[in-house]
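K.L.:
Sending over a structure as structure tokens; questions will come in a sec.
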Amino acid sequence: MDNSPFSWSVSAAVAVFDDDRVLIQRRRDNGRWELPGGCVDPQETPWRAVRRECEEETGVRPRNLKLSGCYTRCDVPVTEFVFAADMHAGTPTPSDEASESRFVPIEDAVGMTGPVFARKIHAARQAAEMNAPAAIDYARHDTHQWL
């Protein structure tokens, strides 16, 4: 019997929209394009974490955060909160975690990020337009390209 404590991670990501463009970043560790975000620290809300992560990673401060979806993987104990937001301030800049950050047309971002992030970008856009969450996606089996 395994007596180790149950461990579950929580992360948050944000699709920051500027008209018909969305902010994406290229990760330094693997070269993949994705939405800004990261781990939610202990005693931190996903809303606060995603603001902090976005500004640290891209130099952009989001505003009008709207929860667009909650995603849980079936193979790893992680739940990710994804938000839609507008750009408030800042200019996309490289960081320790992102070699490049920029606003690109939404359809270009969908092609650059792969199917998992594409689904999250579309859900975020829909949530921003509807002013309501668009996706609650529990334990999907097709999230092998999670990060």
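K.L.:
Within the range 32-65, count every residue that is touching a residue at least 12 places away in the same chain (Cβ under 8 Å), β-branched (Val, Ile, Thr) and within 18 Å of Thr79 (Cα to Cα).
P.N.:
Within the range 32-65, residues that are touching a residue at least 12 places away in the same chain (Cβ under 8 Å), β-branched (Val, Ile, Thr) and within 18 Å of Thr79 (Cα to Cα) number 2.
K.L.:
Would you confirm whether or not the range 74-84 contains a residue that is free of Cβ contacts under 8 Å to residues at least 60 places away in the same chain, within 26 Å of Glu107 (Cβ to Cβ) and of a type outside the set (S, T, N, Q)?
P.N.:
No, because not a single residue in the range 74-84 is free of Cβ contacts under 8 Å to residues at least 60 places away in the same chain, within 26 Å of Glu107 (Cβ to Cβ) and of a type outside the set (S, T, N, Q).
K.L.:
Residues that are modelled with pLDDT under 90: list the strands (runs of 3 or more DSSP E) wholly contained in the range 54-144 that include at least 2 such residues.
P.N.:
Result: 61-73, 78-89, 135-140.
K.L.:
Right, here's the next one. If a residue must be under 13 Å from Ala85 (Cβ atoms), touching an Asp or Glu at 6+ places or on another chain (Cβ under 8 Å) and assigned to a strand (DSSP E or B), how many such residues does the range 21-40 contain?
P.N.:
Residues flagged as under 13 Å from Ala85 (Cβ atoms), touching an Asp or Glu at 6+ places or on another chain (Cβ under 8 Å) and assigned to a strand (DSSP E or B) within the range 21-40 amount to 1.
K.L.:
Where residues in the range 32-46 are surrounded by fewer than 16 Cβ atoms within 10 Å (Cβ to Cβ) and touching a strand residue (DSSP E or B) at 6+ places or on another chain (Cβ under 8 Å), which of them is farthest from Glu100 (Cα to Cα)?
P.N.:
The residue in question is Cys39.
K.L.:
Just to check your reading of the model, which residue among Ala49, Ala13 is aliphatic (A, V, I, L, M) and not in a helix (DSSP H, G or I)?
P.N.:
Among Ala49, Ala13, only Ala13 is aliphatic (A, V, I, L, M) and not in a helix (DSSP H, G or I).
K.L.:
Here's another thing I want to ask about it. So, in the range 1-31, how many residues would count as being surrounded by 15 or more Cβ atoms within 10 Å (Cβ to Cβ) and either under 17 Å from Thr113 (Cβ atoms) or modelled with pLDDT of 90 or more (or both)?
P.N.:
14
K.L.:
Now, a different point. Gln43: in a loop (DSSP other than H, G, I, E, B), among the polar types (S, T, N, Q) and at pLDDT 90 or above, yes or no?
P.N.:
It is true that Gln43 is in a loop (DSSP other than H, G, I, E, B), among the polar types (S, T, N, Q) and at pLDDT 90 or above.
K.L.:
Still on this structure, please answer the following. Within the range 51-74, take every residue that is touching a Ser or Thr at 6+ places or on another chain (Cβ under 8 Å) and surrounded by fewer than 22 Cβ atoms within 10 Å (Cβ to Cβ) and give me the one that is farthest from Glu129 (Cα to Cα).
P.N.:
Here the answer is Cys74.
K.L.:
Among all residue pairs at least 6 apart or on different chains, which show Cβ distances below 6 Å where the first residue, located in the range 16-30, is on the phi < 0 side of the Ramachandran plot and the second is assigned to a strand (DSSP E or B) and among the aromatic types (Phe, Trp, Tyr)?
P.N.:
If the second residue must be assigned to a strand (DSSP E or B) and among the aromatic types (Phe, Trp, Tyr), the pairs left are Asp18/Phe103; Arg21/Phe103; Leu23/Phe103; Ile24/Trp33; Arg26/Trp33.
The values are calculated or read from the model by the stated rules, or taken from the named source; none is laboratory data. This is a predicted model, so every value here is computed, not measured. As a convention, Cβ positions derive from the backbone with ideal geometry for all residues, glycine included, and neighbour counts pool all protein chains shown.
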